[in-house]
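Asks: Take this structure, written in structure tokens, and hold onto it; I'll ask about it next.
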Amino acid sequence: MRIANANRLDTVFVLVVFCIFAASVLLVITLGGGVYQNTHAIIQEEYDARTALSYIWSKVKNFDEAGRVYLDILQGEPALCLEELYGEYVYRTVIYLYNGWIYELFYEEGFDFFLEDGTPILPTQELSFKQRDYGMISATTTAGTIYLSLRGELNVQR
């Protein structure tokens, strides 16, 4: 009888230890998954913000002519405007923030459009432009501020 009770007690002890181990493993996996998701979301947001600055910089450098890059307000939103001439027609590329996304819209001067007609490029919570001294323009996103000038160098402030 004593041996049977000892075997039952050993079995119960092993099952209790196994349940505690299984619960601990489940807890660690659950917490680790949450940490991974949070870390991934932060890294993705920072990547998008840095990519947004690089995108704006490269677009401005492609329009490297005096007077072709300027700031404007389009339908209540601040926008970076980039003009180019094709034959006798003036075309404009505008970059602006709309519904939490950086949008780009390419259109012929004189045509009407809506902000939602543009192409969403990257998600971001912040995009602002400011005219600076000496013909410079600053663009600010959550990643920082980039200072742009035609035929100039890239300067980033964090």
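Asks: Out of the residues in region 40-67 that are among the charged types (D, E, K, R) and in contact with an Asp or Glu (Cβ under 9 Å, 6 or more places away or on another chain), state the one that is least open to solvent (accessible area, probe 1.4 Å).
Replies: Taking the candidates together, the pick is K59.
Asks: Has region 22-35 got any residue that is under 23 Å from the mean Cα position of the chain (by Cα) and closer than 17 Å to L97 by Cα?
Replies: Within region 22-35, not a single residue is under 23 Å from the mean Cα position of the chain (by Cα) and closer than 17 Å to L97 by Cα.
Asks: Listed residues I95, I20, I102; which is at pLDDT 90 or above and under 20 Å from S149 (Cβ atoms)?
Replies: Selected residue: I95, the only one of I95, I20, I102 that is at pLDDT 90 or above and under 20 Å from S149 (Cβ atoms).
Asks: Here is a follow-up. Across region 108-132, which residue is most open to solvent (accessible area, probe 1.4 Å) among those that are over 17 Å from Q75 (Cα atoms) and touching a residue at least 24 places away in the same chain (Cβ under 8 Å)?
Replies: Per the criteria, the residue is Q125.
Asks: Consider C81 against the criteria (1) exposed (fewer than 15 other Cβ atoms within 10 Å of the Cβ); (2) without any contact (Cβ under 8 Å) to a residue 24 or more places away in the chain; (3) not in a helix (DSSP H, G or I): it satisfies all of them except one. Which criterion is unmet?
Replies: (1)
Asks: Going through region 31-78 one residue at a time, which ones are outside any helix (DSSP H, G or I) and not aliphatic (A, V, I, L, M)?
Replies: F63, D64, E65, G67, R68, Y70, D72, Q75, G76, E77, P78
Asks: Continuing with this model, one more query. If you check N99 against the conditions, is it more than 22 Å from Q131 (Cα to Cα), open to solvent by 30 Å² or more (accessible area, probe 1.4 Å) and of a type outside the set (D, E, K, R)?
Replies: Considered against the rule, which asks whether it is more than 22 Å from Q131 (Cα to Cα), open to solvent by 30 Å² or more (accessible area, probe 1.4 Å) and of a type outside the set (D, E, K, R), N99 comes out as yes.
Asks: Based on this model, can you work out whether R8 counts as surrounded by 10 or more Cβ atoms within 10 Å (Cβ to Cβ), among the basic types (K, R), assigned to a helix (DSSP H, G or I) and touching a residue at least 24 places away in the same chain (Cβ under 8 Å)?
Replies: In short, no.
Asks: In addition: Taking the condition modelled with pLDDT of 85 or more and within 16 Å of L71 (Cα to Cα), does S149 pass?
Replies: no
Asks: Restricting attention to region 84-120, report how many residues are polar (S, T, N, Q) and part of a strand (DSSP E or B).
Replies: 2
Asks: Continuing with the same structure: So which residues in region 133-150 are part of a strand (DSSP E or B), in contact (Cβ under 8 Å) with a residue 12 or more places away in the chain and among the small types (G, A, S)?
Replies: Hits for region 133-150 are A139, G144.
The values are calculated or read from the model by the stated rules, or taken from the named source; none is laboratory data. The structure presented is a predicted model; accordingly, all values stated were derived computationally and were not measured. Every residue, glycine among them, receives a Cβ derived from its backbone with ideal geometry; neighbour counts consider all protein chains shown. The area values use the complete protein model at the heavy-atom level, side chains included, leaving out ligands, DNA and RNA. Shrake-Rupley method; radii C 1.70, N 1.55, O 1.52, S 1.80 Å.
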